[in-house]
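> What follows is a single structure, and I will ask about it in a moment.
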Amino acid sequence: MAKHPVPKQRSTSTRSRTRYSTWKTNELKRLTKLSRTVPCPKCKQPRRPHTACPTCGYYRGRVVIDLAAKDAKKVKTIKA
């Protein structure tokens, strides 16, 4: 039977609470970042700020993602 590591001393309540509070604040930051959206100026669909629009592929007035080529590639892989 394998032996498991055991801490030499008990963790204090302050240490445990600090660890949990750090995790909690990081998790809340991550969730608010995911829920934050702005409308795309080109197609008015919601998108994340400072990223290219997944619907039309535009960012700051120019095409960044060529969606036509992306769709053609998908169709080619599905047929193959």
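What follows is calculated from the coordinates using simple rules that are stated; it is not laboratory data. Everything quoted here is computed from the prediction, not taken from an experiment. So basically every Cβ, Gly included, is an ideal-geometry build from the backbone, and we count neighbours across all protein chains shown.
> Explain nothing, just the number: relative contact order of the range 14-79, from Cα pairs under 8 Å at least 6 residues apart, as a whole percent. Could you put the intermediate results ahead of the total?
Working: 39 pairs, mean separation 9.7, N = 66.
Once divided by the residue count of the range 14-79, the mean separation gives 15 percent.
> Normalise the Cα radius of gyration of the chain by 2.2 N^0.38 Å (N = residues in it) and let me know the number.
The value comes to 2.01.
> If I fit a long axis through the Cα atoms of helix 67-79 and take the longest principal axis of the Cα atoms of the chain, what angle between them do I get, 0 to 90°, rounded to 10?
Long axis of 67-79 versus the principal axis of the chain: about 80 degrees.
> What trypsin sites (Lys or Arg not before Pro) does the range 35-80 have in DSSP loop regions with at most 16 other beta carbons within 10 Å?
Answer by residue number: Arg36, Lys42, Lys44, Arg60.
> Using the alpha-carbon atoms, what tilt in degrees (0 to 90, nearest 10) does helix 13-35 show relative to the longest principal axis of the chain?
Tilt relative to the chain: about 10 degrees.
> Could you work out the local net charge near Ser21, counting Lys and Arg as +1, Asp and Glu as -1, over the other residues with Cβ closer than 12 Å to its Cβ?
Details: positive: Arg15, Arg17, Arg19, Lys24; negative: Glu27.
Value of the local net charge: +3.
> Cα-Cα over 30 Å: which of Lys44/Lys70; Lys3/Lys33; Lys44/Lys74; Lys42/Lys74; Lys8/Lys33?
Details: Lys44/Lys70 21 Å; Lys3/Lys33 41 Å; Lys44/Lys74 25 Å; Lys42/Lys74 24 Å; Lys8/Lys33 39 Å.
Beyond 30 Å between Cα atoms: Lys3/Lys33; Lys8/Lys33.
> Using a simple charge model, +1 on the beta-carbon of Lys and Arg, -1 on the beta-carbon of Asp and Glu, nothing else, what dipole does the chain show about its Cα centre, in debye to the nearest 20? Each step should come with its number before you reach the end.
Numbers: 22 positive and 3 negative charges, 57 e Å.
Approximately 280 debye in magnitude.
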